[in-house]
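Remarks on the structure that follows.
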Amino acid sequence: MAFSYSTLFLPGSVFDLSDSVVLVTGGSRGIGRAVVLELARAGADVVVHYHTREEAAASVAQEVRALGRESMVVAANVAKREQVERMVRAAGEWKGRLDGLVTSAGVYRGPSIEEVTVEGWEEVFEKNLGGTFWAVRAAVPWLRKAPAPAVVTISSIFGSHPGIGGAPYQMAKAGVEQLTRALALELSPEIRVNSVAPGFVRTDMNRGAHEDPEFHRAIARATPLGRWGEPEDVAPAVRYLLSRESDWVTGAVLGIDGGIALR
Amino acid sequence: MNARAADEQKVALVTGGSRGIGRAVVVRLARAGYDVAFTFRQDAESARATAAEVTGSGRRAFYRPVDACDEKEVAGFAAGAREEFGRLDTVVASAGITGALGWDAVSSEEWRSVFETNLVGQYWAVRTTASDLKKTRGSVVLVASIGGLTAYPEQVAYAAAKAGTISLARSLAFALAPEVRVNAVAPGWVRTDMTAGLYDEPRARAAIVRGIPRGRWGEPDDVASAVVFLASDGARFITGETLVVDGGNVLSWRAGRRR
Ligand SMILES: NC(=O)c1ccc[n+]([C@@H]2O[C@H](COP(=O)([O-])OP(=O)(O)OC[C@H]3O[C@@H](n4cnc5c(N)ncnc54)[C@H](OP(=O)(O)O)[C@@H]3O)[C@@H](O)[C@H]2O)c1
Ligand SMILES: NC(=O)c1ccc[n+]([C@@H]2O[C@H](COP(=O)([O-])OP(=O)(O)OC[C@H]3O[C@@H](n4cnc5c(N)ncnc54)[C@H](OP(=O)(O)O)[C@@H]3O)[C@@H](O)[C@H]2O)c1
């Protein structure tokens with residue numbers, strides 16, 4: 001029988017986020033959405049960021065309220081620095097504070113090197129790496145005022161393990177990991193910065209891949225834990241890394257991949 | 001307690017639970033609702049105190065002196081825990097020792113004892129409980145050290161053993177998948193009896209803090225939280241990983257320090 005982490009993750013006991021405001025970029029869907037809901041269960045009020053799917057974001061915010069927490073939505077194209085800055089300002093001004101930031105907004109593109117265009121290169125870097133960096137930068141003044149601030153970036157198994165195709169995405173994710181280490185050091189001792197690096201997780205991002213039965217089976221077989229990841233598999237680690245329980249963890253990159261990279 | 005509740009009672013086994021990090025893990029697991037079996041080597045008084053905290057949280061404790069490197073003793077302890085509690089959900093291997101200071105000060109005797117206690121003992125802890133863990137789809141957390149990741153010329157054997165732990169977590173994660181997850185934590189400088197000599201010496205204590213971006217020594221609880229997270233179902237898709245819990249110490253190489 002699977003262990004129910006509800007016994008370990010009771011609000012008010014451990015991995016608690018009561019009395020905190022967290023901004024989750026890309027909170028409208030996929031991993032970001034699961035993170036939003038996990039943080040709400042931990043007691044946080046959550047700002048749900050989205051790009052174009054306003055309805056999806058609004059329904060996530062509604063789910064947060066159903067869990068007894070407060071929520072608001074904010075739109076931004078993370079490829080645009082001014083929009084990112086506006087997003088962070090709106091999140092901070094909502095309750096006059098920002099305790100945590102999770103950067104899950106991102107896109108995957110997998111072209112071969114011959115297929116990479118200038119536009120494609122810029123898109124992948126601006127959305128995944130630039131979007132993360134400018135969000136953290138804009139959040140720093142808010143986070144410095146928080147009692148126990150923390151950032152969690154979302155890298156990818158492709159941030160440290162190569163795949164065939166999508167080199168720019170992989171380089172951007174490697175950038176996210178180094179951003180995590182560099183800022184963990186630079187922003188110490190006040191602000192903690194950590195990262196999680198998911199493996200293959202079933203979301204809209206890779207719907208084409210996981211809906212292809214053959215590819216689906218191949219990944220499940222290649223994964224020691226025998227299956228694809230779900231967004232809900234990633235969220236608890238983000239919760240732990242935002243909580244005071246991880247007060248002495250900074251600059252860490254935690255793989256959440258079912259062991260697929262072990263060999 | 002009704003039958004269903006008894007069925008769901010989680011059980012953990014912790015090596016080196018009498019003091020330091022292992023003790024903090026035992027106490028945290030008890031508070032999270034586990035009955036706990038733990039070993040110690042010789043300090044029966046500390047072991048009793050740890051057990052009292054477990055029973056104080058309303059959980060059961062089972063503890064025995066066990067040499068972590070002795071396969072037969074470890075197997076006997078696992079059997080005892082099995083008989084006492086009937087199941088096993090989590091194994092944490094924290095028993096460990098350091099050796100003589102200085103790269104050229106390690107005797108062959110000491111290579112053996114440091115490797116056996118820190119590394120081989122972890123192997124026996126997992127080997128003797130793997131079948132129990134498979135039944136409950138349980139998990140293992142091995143205690144490594146940042147000494148296994150960075151140069152540690154003061155403790156060459158210890159550092160090599162801890163690098164071995166990180167490797168062991170990977171291999172065992174692969175070997176025991178998909179039923180059992182195996183991960184490691186790599187703590188930095190944590191205030192325990194193991195490090196008391198340095199902590200109690202003001203200059204050494206301060207020199208160590210200068211290398212820790214978070215600006216403080218770790219407490220056993222900092223590590224215990226990470227262990228509890230990795231052991232829990234919240235980490236259900238994480239295996240073969242090593243989580244560094246060091247206040248940022250490994251980030252802080254020489255050119256990366258504030259002046
Ligand atoms: N799925 C995986 O297997 C996997 C593995 C490793 C890492 N990751 C990483 O995890 C993160 C989340 O991925 P996911 O799988 O959850 O993806 P997803 O389901 O496709 O969701 C992507 C999210 O990012 C937002 N977004 C996309 N482009 C944006 C832009 N230009 N500006 C602002 N927001 C934008 C989307 O907003 P809208 O809803 O408004 O479109 C959505 O909320 C990404 O960083 C991804 O690289 C995913
Ligand atoms: N403290 C740190 O800064 C630090 C940093 C990184 C990693 N670690 C690792 O964390 C683990 C715990 O260290 P600690 O600082 O908590 O040490 P500690 O306070 O010295 O406690 C060591 C524990 O291990 C037990 N033990 C030692 N040798 C044993 C053996 N042969 N068989 C069974 N039990 C044995 C001890 O039992 P008795 O009480 O009976 O002696 C005690 O419970 C070790 O693996 C250590 O390498 C510590």
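The values are calculated or read from the model by the stated rules, or taken from the named source; none is laboratory data. This one's a predicted model, so the numbers in the text were calculated from it and none came from an experiment. Glycine gets a Cβ as well: all are built from the backbone with ideal geometry, and neighbour counts include every protein chain shown.
Quick notes
Residues are listed down the side, and each one gets a yes or a no for (1) facing another protein chain (nearest Cβ under 7 Å); (2) surrounded by fewer than 23 Cβ atoms within 10 Å (Cβ to Cβ):
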| position | (1), (2) |
| --- | --- |
| B:Ala144 | no, no |
| B:Glu154 | no, yes |
| B:Ile166 | no, yes |
| B:Ala169 | no, no |
| B:Ala231 | no, no |
| B:Leu243 | yes, no |
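- Selection of region B:5-50 for residues being surrounded by fewer than 16 Cβ atoms within 10 Å (Cβ to Cβ), over 19 Å from B:Arg87 (Cβ atoms) and more than 8 Å from ligand 2 (Cβ to nearest atom) yields B:Glu45, B:Arg48, B:Ala49.
- B:Asp35, sole failed condition from (1) out of contact with any Lys or Arg (no Cβ under 9 Å at 6 or more places or on another chain); (2) within 14 Å of chain A (Cβ to nearest Cβ): (1)
- Scoring B:Arg236 on the criteria (1) at the interface with another protein chain (Cβ under 7 Å from one of its Cβ atoms); (2) within 20 Å of B:Thr195 (Cα to Cα); (3) not hydrophobic (A, V, I, L, M, F, W, C) leaves a single failure, condition (2).
- From the list A:Val78, A:Val48, A:Val64, A:Val60, the lone residue that is at pLDDT 95 or above, in contact with a helix residue (DSSP H, G or I) (Cβ under 7 Å, 6 or more places away or on another chain) and farther than 23 Å from A:Asp233 by Cβ is A:Val78.
- Cβ-Cβ under 7 Å pairs, at least 6 apart or on other chains, region A:157-168 side under 21 Å from A:Val234 (Cβ atoms), far side of a type in the set (D, E, K, R) and part of a loop (DSSP other than H, G, I, E, B): A:Ile157/A:Asp257; A:Gly166/A:Arg109
- Looking at region B:154-244, none of the helices (runs of 4 or more DSSP H) lying wholly inside it contains 3 or more residues that are within 12 Å of ligand 2 (Cβ to nearest atom) and on the phi > 0 side of the Ramachandran plot.
- Given (1) closer than 16 Å to B:Gly22 by Cα; (2) touching a residue at least 24 places away in the same chain (Cβ under 8 Å), index of the condition B:Glu45 fails: (2)
- Region B:245-259 - residue that is assigned to a helix (DSSP H, G or I) and modelled with pLDDT of 95 or more and, of those, farthest from the other protein chains (Cβ to nearest Cβ): B:Asn249
- Counting only helices (runs of 4 or more DSSP H) that sit wholly inside region A:5-112, those with at least 3 residues that are crowded, with 18+ Cβ neighbours inside 10 Å and within 14 Å of another protein chain (Cβ to nearest Cβ) are A:30-41.
- Candidate set: region A:244-263, residues that are without any contact (Cβ under 8 Å) to a residue 40 or more places away in the chain and surrounded by fewer than 24 Cβ atoms within 10 Å (Cβ to Cβ); chosen: the one farthest from the other protein chains (Cβ to nearest Cβ): A:Arg263
- Test: residue in region A:139-148 that is closer than 20 Å to B:Ala235 by Cβ and within 14 Å of chain B (Cβ to nearest Cβ): no
- Any hit, region B:141-148, residues being of a type outside the set (A, V, I, L, M), farther than 19 Å from B:Thr192 by Cα and under 15 Å from the mean Cα position of the chain (by Cα): no
- If you go through region B:118-142 and pick out every residue that is touching a Leu at 6+ places or on another chain (Cβ under 6 Å) and surrounded by fewer than 19 Cβ atoms within 10 Å (Cβ to Cβ), you end up with 0.
- Condition met for A:Leu241 (hydrophobic (A, V, I, L, M, F, W, C) and at the interface with chain B (Cβ under 7 Å from one of its Cβ atoms)): no
- Region B:77-96 residues that are farther than 11 Å from B:Ala125 by Cβ, paired with ones that are in a strand (DSSP E or B) and of a type in the set (Lys, Arg) (beta carbon under 8 Å, 6 or more apart): B:Gly80/B:Arg64; B:Asp89/B:Lys10; B:Thr90/B:Lys10
- Matching residues, region B:202-213, being within 14 Å of A:Val249 (Cβ to Cβ) and either at pLDDT below 95 or surrounded by fewer than 24 Cβ atoms within 10 Å (Cβ to Cβ) (or both): B:Ile212
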